[in-house]
Amino acid sequence: MLKPVAANRLEVKAKRSKEDVVFDTINFIVLTLVLLIVAYPLYWVIISSISNPGAVSSGEVLWRPIGFTLQGYAEVFKDNAVMRGFGNSIVYTVAGVLVNLAVTLPTAYALSRNTFSGRKAITIFYMITMFFGGGLIPTYLVIKNLHMINTMWALILPGSLSVYNMIVARTFFKMNISEELYEAAEIDGCTQGKFFFRVALPLSKAIIAILVLYYGVGHWNSYFSALVYISDKDMYPLQLVLRNILITNEAALSQTATSEAAREALREKQQLISVMKYSLIIISSIPVLVLYPFIQKHFVKGVMIGSVKG
Amino acid sequence: MNSTAIKRKSHLARVLKRDASLWLFCIPGIILTFIFSYVPMYGILLAFKRFNARAGIWGSEWQGLYYFKRFFDSPYFESTIWNTLVLSFYGLLVSFPIPIILALLLNSFQHKRYRKVIQTITYAPNFISVVVMCGMIILFLSPTIGVINSVLEFFGIDAINFMAKKEYWRHIYVWSGVWQSAGWSSVIFFAALAGISPELHEAARCDGATKFQLIRYIDFPSILPTATILLILNCGSILSIGFEKAYLLQNNLNLTVSEIISTYVYKVGLINNDISYSTAIGLFNTVVNLVLLLAVNKAADKLSGNSLW
């Protein structure tokens, strides 16, 4: 039991009591169960998207793909609405993130300066919006009066500054871009504007990455604004197209089959649609999946910065 | 520092001139927030007026508290508030403690590499969109092609049309939420735990503390402030659970339990075009939230000394 070890951390390990062994075992089992519960549905969607539609509907596909086929994916790529939605979402996300950065970064930087005379007033100005707002209809009327219904600006401008993200960025600037640095630059004749673009921003790649991901994932995944402000089908973002297919079942066939052969064809078609749905889930998540390693790292960093009070 | 502070008081104009570029930095955000957050606050007046598109907000005719009375008298008042409250409290009761427990367990887990794997996987569902999440729920629970029913049938149990049975709806809503966000919500607690000095643990170990005692007497108390702040914030939004997920999981068969305030506001306002009525319900909701937040914040401040401001 007692291995001859030197460092005191290992000495602690040697003291593992019986209760600790029980605890470690239970902990291992519980966390492994958690892992399986979270992982299995994700895994199942993946294997179903590449399985034979009939096998998926009959419940045969449980542990591994059966009757490998890419029919579902082929079906998705044939769907114009999905492809258009994908394109629209890319445009909205890129444009949205650019606006988000252009608004959030300068505000956060200004509010991070201790000497800034507007710091308190502007902070209160933003805090109020966190707890009180006009609500759905009054906001809708403002957007309507600005003639922004059925334009991408309705999706981009209203949430252009998220107070939470701004506070994360402000905390970052506070910790990383010191006032002394600016004072030194000022002596050399640098203005705040120049300092921000030439010194502060190049030193802040980490926070820019965090904001791009926070805002980017938000734009990519959101459907509510589009549901309210976009009625032109050609302008639907991907999530709204997905809603029509996955939730309201627009792709489902409603005609009633009369002959046995027609019924069989209809059943096959329905099975194909369900597999197409799994493929669609995967395809729509690709941008987020590809970025996931970065996202995980930077999002965690963002949470850590955000949890520093002040 | 001190001399700057004095200067600020005596030479306001000079200070403004010095800060001119910083003020300029803030202007885009101020303008956009003013237009999209503050101007709608003016629109709240509609809750007290009968909306007339031609006359505009100011020109519309005053109705006093008519729309509020109408809401209080409507059968939807009780049912939407009750549904919202039940869903919120059930959600809070389940999805608040689970991430804390998860973070505590992960923190005292000794296989570091396996822990990384668990974290990577459990964070992932958080980045799935609501639409895809609800699509998955509906597909999984489908009585004809759903995997859950295939498994049930395998054990000789008849297929259940889960989405059509209203008694399952709240469980589906809350537990799918746990599946999606428990891992991610644990990050903030995990970060707080990482900040505990290892010497504290070592000292306790030398005194013969078991791992469970470390959690009970060191880890748990040290994340309590973080937990309190989050609990306050959660309580402040008890009446404003997201429209997004509830709306997508609704169907005519579960509407009696799934119609919550936010979905009702949407339907009344944008589908039935009952502008003033919808605004009034929305305002009622916001005010109740605000009062709840202030009350819980005050209580937490008195009880534990932790508060938002």
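The values are calculated or read from the model by the stated rules, or taken from the named source; none is laboratory data. A quick note: this is a predicted structure, and the numbers were derived from the prediction, not measured. Cβ atoms come from the backbone with ideal geometry, glycine included; neighbour counts cover every protein chain shown.
Any chance the range A:227-237 includes a residue that's polar (S, T, N, Q) and at the interface with chain B (Cβ under 10 Å from one of its Cβ atoms)? Within the range A:227-237, none of the residues are polar (S, T, N, Q) and at the interface with chain B (Cβ under 10 Å from one of its Cβ atoms).
Here is a yes/no grid of residues against (1) farther than 17 Å from B:Gly29 by Cα; (2) at the interface with chain B (Cβ under 8 Å from one of its Cβ atoms); (3) within 25 Å of the chain's Cα centre (by Cα):
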| site | (1), (2), (3) |
| --- | --- |
| A:Thr123 | no, no, no |
| A:Met130 | no, no, yes |
| A:Ile137 | yes, yes, no |
| A:Leu141 | yes, yes, no |
| A:Asn145 | yes, no, no |
| A:Ala154 | no, no, yes |
| A:Ser162 | no, no, yes |
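When A:Gly67, A:Gly54, A:Gly72 are checked against the criterion of being outside any helix (DSSP H, G or I), at pLDDT below 95 and under 30 Å from A:Glu264 (Cα atoms), A:Gly67 stands alone in meeting it.
Considering the range B:119-141, and only residues there that are among the hydroxyl-bearing types (Ser, Thr, Tyr) and touching a residue at least 12 places away in the same chain (Cβ under 8 Å), the residue that is farthest from A:Tyr214 (Cα to Cα) turns out to be B:Thr122. Checking the range B:144-152 against the condition returns a match, with at least one residue being of a type in the set (Gly, Ala, Ser) and surrounded by 21 or more Cβ atoms within 10 Å (Cβ to Cβ). Can you work out which of the residues in the range B:250-306 that are of a type in the set (S, T, N, Q), surrounded by 16 or more Cβ atoms within 10 Å (Cβ to Cβ) and not in a helix (DSSP H, G or I) is modelled with the lowest pLDDT? This residue is B:Asn306.
For the range A:77-96, the count of residues that are at the interface with chain B (Cβ under 8 Å from one of its Cβ atoms) and either farther than 30 Å from B:Lys267 by Cα or in a helix (DSSP H, G or I) (or both) is zero.
Checking each residue in the range A:188-222 for being at pLDDT 90 or above, of a type in the set (Val, Ile, Thr) and more than 27 Å from A:Pro293 (Cα to Cα) picks out only A:Val199.
Check whether at least one residue in the range B:90-99 is β-branched (Val, Ile, Thr) and within 14 Å of another protein chain (Cβ to nearest Cβ), and report yes or no. Yes. For B:Ser37, the requirement of being at the interface with chain A (Cβ under 7 Å from one of its Cβ atoms), closer than 30 Å to A:Asp20 by Cβ and in contact with a helix residue (DSSP H, G or I) (Cβ under 9 Å, 6 or more places away or on another chain) is not met.
Cβ-Cβ distances below 6 Å connect the following pairs, each with a first residue in the range B:153-164 that is within 17 Å of B:Asn254 (Cβ to Cβ), a second residue that is of a type in the set (A, V, I, L, M, F, W, C) and assigned to a loop (DSSP other than H, G, I, E, B), and a separation of six or more residues or different chains: B:Ala164/B:Leu253. For the range A:254-310, the set of residues classified as of a type in the set (Ser, Thr, Tyr) and modelled with pLDDT of 80 or more consists of A:Ser274, A:Tyr278, A:Ser279, A:Ser284, A:Ser285, A:Tyr292, listed by residue number. In summary, B:Phe109 fulfils each of the numbered conditions (1) more than 10 Å from chain A (Cβ to nearest Cβ); (2) not in a helix (DSSP H, G or I) with the single exception of condition (1). The condition of being assigned to a loop (DSSP other than H, G, I, E, B) and at negative phi holds for only one of A:Thr151, A:Thr123, that being A:Thr151. Selection of helices (runs of 4 or more DSSP H) fully inside the range B:1-98 by the criterion of at least 2 residues being modelled with pLDDT of 90 or more and within 30 Å of B:Leu230 (Cα to Cα) returns B:20-33, B:39-43, B:75-95. Being loosely packed, with under 15 Cβ neighbours inside 10 Å, in a helix (DSSP H, G or I) and under 20 Å from the mean Cα position of the chain (by Cα) is not true of A:Leu42. Assigned to a loop (DSSP other than H, G, I, E, B) and either at pLDDT below 90 or of a type in the set (A, V, I, L, M, F, W, C) (or both): is that true of B:Ile118 in this structure? Against the criterion (assigned to a loop (DSSP other than H, G, I, E, B) and either at pLDDT below 90 or of a type in the set (A, V, I, L, M, F, W, C) (or both)), B:Ile118 does not qualify. Screening B:Phe162, B:Phe154, B:Phe220, B:Phe190 for residues that are within 11 Å of another protein chain (Cβ to nearest Cβ), among the aromatic types (Phe, Trp, Tyr) and in contact with a helix residue (DSSP H, G or I) (Cβ under 8 Å, 6 or more places away or on another chain) leaves exactly one candidate, B:Phe190. Remark: pairs (first residue in the range B:16-33, within 7 Å of chain A (Cβ to nearest Cβ); second residue surrounded by fewer than 18 Cβ atoms within 10 Å (Cβ to Cβ) and in a helix (DSSP H, G or I); Cβ separation under 6 Å; 6+ apart in sequence or on different chains) = B:Ser21/A:Gly193. Among the residues of the range B:278-293, the ones that are farther than 13 Å from B:Ile44 by Cβ and more than 9 Å from every other protein chain (Cβ to nearest Cβ) come to 3 in all. For the range A:193-208, the set of residues classified as more than 13 Å from chain B (Cβ to nearest Cβ) and touching a residue at least 24 places away in the same chain (Cβ under 8 Å) consists of A:Leu203, A:Ser204, A:Ala206, A:Ile207, A:Ile208, listed by residue number.
Given the options B:Trp175, B:Trp184, B:Trp179, B:Trp169, name the one that is in contact (Cβ under 8 Å) with a residue 24 or more places away in the chain, facing chain A (nearest Cβ under 7 Å) and either over 30 Å from A:Trp63 (Cα atoms) or not β-branched (Val, Ile, Thr) (or both). Exactly one residue qualifies, and that residue is B:Trp179. Would you confirm whether any residue within the range B:265-272 is within 11 Å of chain A (Cβ to nearest Cβ), under 30 Å from A:Ser17 (Cβ atoms) and basic (Lys, Arg)? No, the range B:265-272 contains no residue that is within 11 Å of chain A (Cβ to nearest Cβ), under 30 Å from A:Ser17 (Cβ atoms) and basic (Lys, Arg).
Do we have any residue at all in the range B:208-226 that's part of a helix (DSSP H, G or I), under 18 Å from the mean Cα position of the chain (by Cα), under 30 Å from B:Leu106 (Cβ atoms) and not aromatic (Phe, Trp, Tyr)? Yes, the conditions are met somewhere in the range B:208-226.
Cβ-Cβ distances below 7 Å connect the following pairs, each with a first residue in the range B:188-216 that is within 16 Å of A:Asp24 (Cβ to Cβ), a second residue that is among the basic types (Lys, Arg), and a separation of six or more residues or different chains: B:Arg205/A:Lys15. Among helices (runs of 4 or more DSSP H) entirely within the range A:171-273, having at least 3 residues that are farther than 29 Å from A:Pro106 by Cα singles out A:238-242.
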